[in-house]
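To keep things clear, I will list the structure first and then write my remarks on it.
Every number in this text was worked out from the coordinates using simple rules, so none of it is lab data. Owing to the predicted nature of the structure, the values given are computational and were not obtained by experimental measurement. Glycine gets a Cβ as well: all are built from the backbone with ideal geometry, and neighbour counts include every protein chain shown.
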Amino acid sequence: MAHDDDHEHATSSGIPPVSRRTFIRTTSVAAGALAASQISLPGAWAAGSDEIRIGLIGAGGRGTGAVQNAIKSSKGVRLVAMAELFPDRLAEARKTLADKVGAAATVKDDRAFSGLDGYKSVLQSDANYIILATPPGFRPIHLQAAIEAGKHVFTEKPVAVDGPGLRTVLSLVDVAAQKKLLVGCGLQRHHQQGYLETMARIHDGAIGDIVTARAYWNQGPIWNRGRKADWSDTEWQLRNWYYFTWLCGDHIVEQHVHNLDVVNWAKKAHPVKAVGTGGRQVRTGPEWGHIYDHFAIDFEYEDGTHLFSMCRQQANTAGSVSEAITGTKGFCQANDYVITGEKAFDGSAIKRKELDPYQQEHADFIASIRKGEPISELKMVAESTATAILGREAAYTGRLVTFDEVVNGTTSLAPPTVDLTASLATPPVAMPGASTN
Amino acid sequence: MTTMPAFHGAHVDGSDEIRVGLIGCGGRGTGAARNVVDAAPGVRIVAMADAFKDRLDESRTILTSRLADKMAVTDDTCFVGLDAYKKLLETNVNYVILATPPSFRPGHIKAAVTAGKYIFAEKPVAVDGAGVRSCLESFDEINKKGLGLVTGTLYRHHTGYLESIKRVHEGAIGDVLTAYGWYNTTMLWRKDRQPEWTDLEYQMRNWLYYTWLSGDHLVEQAVHNLDALNWIMGANPVAAVSTGGRQTRTAPEWGHIYDHFAVDYEYPNGKHVQMFTRQQDGCEKKVANEVVGTKGRAFILPRFSITGAQPWTLEAPINDAYVVEHTDFITSIRAGKPLNELKQIAESSLVGILGREAAYTGKRLTWEEALATPSLFPEKLEWGPMPMPPVPMPGVTA
């Protein structure tokens, strides 16, 4: 499948909005199951097709990447509107998409929006598949607006950075279900064949009861966009959003959420409390905002079992992005798809056959929409996001923090208003034992 | 009492009296001197040594008021200075308590073995691979000479730990899958710099905060629970990956050590074991071990219990292990079969060094690499200038 798609989409002209074959299939489905199709593509039926019309909100590297992935993943997908805060980034993204995809990812000037309210214009368009890929701090309001607008949503992870954001997101779980909307998320491991098979075996008892687990995201530093003389503090922070907790959630939330999510998946639960350490040891200059460069968290689940979590962004240090799960009857190296013990399993060969998971997730999401049974991953990604925030708060405060405290947290990390021209102090670096969060 | 064939070189008056020489008269040394007197009959403190006269005097005053006739130290058996320990070893003491900052321990152990003394060595016994190697040589030498050494990892003599780990090893929780250690605690004491102090004196009086003296808190303090992990696992770790840093205790008066570590140790057969430490005020505190097995879990400190297939809770009263460790040692000496815990504590000290170096460098470090690390001790130790070592930086520190 993927190879066919790759071949089909390799031309610079991209793909036609709806292929003849898709159209025929669509019309026959429409004739037979009009009501179901209407429900599955709210606001899109007017076009008389099952075309997926992407509205991109947040056109950075991940956003433009997700558009390419979605278009590659399935037939009848194109980009119809996009929003990006900064005009220069918007222009860059449009050029990237035009160069790499062609017509299917090219929008006209009146469908490309910049500014903080750009997302509203995208939601008012005929887009029916919204990709949310802004910095995570904006995710709760964008999710809410997209679901209220009746759009199917692909949301990048994480989906919040604080308690108020989490509650907004959690409140949308039922709303999205009632409206039969897709809410797919960027925890793409859930769409990797190897993870799926491995988890199925764990859930089938292959390693017995899970009694301890380890999750790691240890790597080097990432990008920094520097600062230009004409940028206000706010603009500088937004352009370097990774280094500000109100925008990013810190790297344990933004990045390590993937690995924490895998353990939650295996356990079919989320931790109830955590104690942790962390700090800003190497990446200490003001250009790196105020986030930490390492965390180590001792999570505890309801059943009293521990999850050891370690993540860092430090140059020239030992790397690992992995999850290890130990049960009473076996051991699972989840990222390798390997189980040892009585019911051993070696899924390492699957890795070579797997589709690009960033593409596979869109294939799955779009198929679910077209089938009239849209997937909702919102609760899952909200709980995994909350787990990561729990870890961060444990390290920031030095206290024993509970999951419920995090979800019920009332402190919003964002400034009261986001004004692109405003001065905005870098928040203080969190000090364990002193933080009030 | 019977005669003591095991009292090499100390058997001057045909008695089995334990004549204690205290090397390092700080809080722990003074405490250990009181503990050893309580541990068995026929024990007297007869000599003292410390780098600093005021510290020795303070300790001597306390011991004189508390120990009455068990305190037999005279002006002639009090020694001060960097070589005070040598003079003490020349007296007729037969049992030395080594309670200086840990970096002095390998040299003091070696000298005490050469002088034919029984040794109570506070934990840890080294701060670097070179020190561990020296201790492993002394371990063999102690066996060869029929001497003995007990160390201050008191859990090894603690009812709760002994009863719990015995049950774990007997299979009460099935096969051991993993274990955890915690030493999450507050900040410790510090002494303000006085104008007359040289750099060396300042660092030595605030020895906790300099890796070359203390080994950092993972080694100096958490070695208790690291030793328990080695005991539980019945092995030394193969390698470690670790994070750590200096997040709240950052001012220069706190030297250059870290205020938190989290170590992921890899033991044989792919088993991983974690250790968490912190010395930060206002944070969640926990000092404990926990073991996870195929059939249950053991909770060790502050209460002792096992859940699962063979549930158990310790009901026996818990002993005072600070005293019992000396009782066990003296009993073994008097029985002619002196204990020698040096290999065990040298290895447990290296567990700490391994975790520390993995955090300092950011590397995955092996046991052999940790054992090969060079000495942190100054080539020449004399009162005078001593530069502040830099704060270690993962990915930068070699």
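Rounded if a/c is under 1.5, else prolate if a/b is larger than b/c, else oblate: which is chain A, with a ≥ b ≥ c the root eigenvalues of its Cα gyration tensor? Taking the square roots of the gyration eigenvalues as a ≥ b ≥ c, chain A is oblate.
Could you compute the net charge surrounding A:Pro158? Neighbours are other residues with a C-beta less than 13 Å from the C-beta of A:Pro158; K and R count +1, D and E count -1.
Values: positive: A:Arg62, A:Arg139, A:Lys157, A:Arg392; negative: A:Glu156, A:Asp162, A:Asp250, A:Glu254, A:Asp261, A:Glu377, A:Glu383.
Once all neighbours under 13 Å are counted, the net charge is -3.
With R₀ set to 30 Å, the beta-carbon distance separating A:Asp110 from A:Gln144 gives a calculated FRET efficiency near 0.70.
Each peptide in A:324-331, B:146-153 gets a packing score, the mean of other Cβ atoms within 10 Å over its residues, and the list from highest to lowest is B:146-153, A:324-331. Shape class of chain B from the Cα gyration tensor (axes a ≥ b ≥ c, square roots of the eigenvalues): oblate, since a/c reaches 1.5 or more and a/b does not exceed b/c.
Summarise the partner chain shielding of B:291-297 as one whole number: the mean count of Cβ atoms from other chains within 10 Å of each residue's Cβ. Mind showing how you got there, number by number?
Values: counts 0, 7, 2, 7, 1, 2, 4.
Mean number of neighbouring Cβ atoms from other chains: 3.
Taking amide H atoms as placed 1.01 Å from N in the peptide plane, the amide H of B:Gly395 lies under 5 Å from those of B:Gly362, B:Lys363, each 5 or more residues away in sequence or on another chain. Counting Cβ atoms of other protein chains within 10 Å of each residue's Cβ and taking the mean over peptide A:398-409 gives 2.
Sites listed here are trypsin sites (Lys or Arg not before Pro) in the range B:247-307 whose DSSP assignment is loop and whose Cβ has at most 12 other Cβ atoms within 10 Å: B:Arg303.
About its Cα centre, the range A:298-389 has a charge dipole of approximately 360 debye under the convention of +1 per Lys or Arg Cβ and -1 per Asp or Glu Cβ, with nothing else charged. The distance separating the Cα centre of the range A:401-419 from that of the range A:189-249 comes to 19 Å.
Residues whose amide H lies under 5 Å from that of B:Gly293, counting only those 5 or more places away or on a different chain, are B:Leu177, B:Ala298; hydrogens are built 1.01 Å from N in the peptide plane. Placing +1 on the Cβ of every Lys and Arg and -1 on the Cβ of every Asp and Glu, with no other charges, gives the range B:214-313 a dipole of roughly 400 debye about its Cα centre.
The trypsin sites (Lys or Arg not before Pro) of the range A:88-159 meeting both criteria, a DSSP state outside H, G, I, E and B (loop) and at most 15 other C-beta atoms within 10 angstrom of the site's C-beta, are A:Lys108. Using alpha-carbon positions, what is the distance between the centroids of the range A:48-107 and the range B:257-272, in Å? About 45 Å separates the Cα centre of the range A:48-107 from the one of the range B:257-272. Summing Lys and Arg as +1 and Asp and Glu as -1 over all other residues whose Cβ lies under 14 Å from the Cβ of A:Asp88 gives a net charge of +2. The Cα atoms of the range A:132-172 cover 25, 20, 11 Å along the three principal axes, with the biggest extent listed first.
Give me the inter-chain shielding for A:217-223: mean count of other chain Cβ atoms within 10 Å, whole number please.
Working: counts 0, 5, 0, 2, 1, 0, 0.
Whole-number average of other-chain Cβ neighbours for A:217-223 is 1.
When the range B:135-239 is described by a simple charge dipole with +1 on each Lys and Arg Cβ and -1 on each Asp and Glu Cβ, the residue from B:Met204, B:His169, B:Thr186 located farthest towards its positive end is B:His169.
What separates the Cα centres of the range B:78-121 and the range B:279-354 is a distance of 26 Å.
Just to be sure I follow the definition: excluding the sites themselves, where is the longest run in chain A that has none of the GluC sites (Glu not before Pro) in a DSSP loop with at most 12 other Cβ atoms within 10 Å? Longest gap between qualifying sites, sites excluded: A:1-301.
Placing dummy labels 7 Å off each Cα toward the beta-carbon, the span from A:Thr340 to A:Thr421 is 6.4 nm.
Overall, the range B:114-176 carries a charge dipole of about 200 debye about its Cα centre when +1 sits on the Cβ of Lys and Arg and -1 on the Cβ of Asp and Glu, all other atoms neutral. Calculated mean residue ellipticity at 222 nm for the protein assembly as shown: -10500 deg cm²/dmol, from DSSP H runs with n ≥ 4 weighted as -39500 (n - 2.57), summed, divided by the residue count and rounded to 500. Can you name the helices of chain B, as whole DSSP H runs, whose Cα span along the helix axis is 27 Å or more and whose Kyte-Doolittle mean is not below -0.5? Span-like helices, by this rule, are B:342-361. Maximal additional length on extending the B:His169-B:Asn143 stretch stands at 6.7 nm, based on 0.36 nm per residue less the C-alpha distance.
Listed cross-link partners B:Lys191/B:Lys343; A:Lys151/A:Lys273; A:Lys157/A:Lys351; B:Lys53/B:Lys110; B:Lys166/B:Lys343 are compared with a 28 Å cut-off, the Cα-Cα value being larger for B:Lys191/B:Lys343; A:Lys151/A:Lys273.
Suppose we keep just the DSSP beta bridges with both residues in the protein assembly as shown; what percent of those would be antiparallel, to 5? Present the calculation step by step, with values, prior to reporting the outcome.
On the way: 69 of 126 bridges.
Close to 55 percent.
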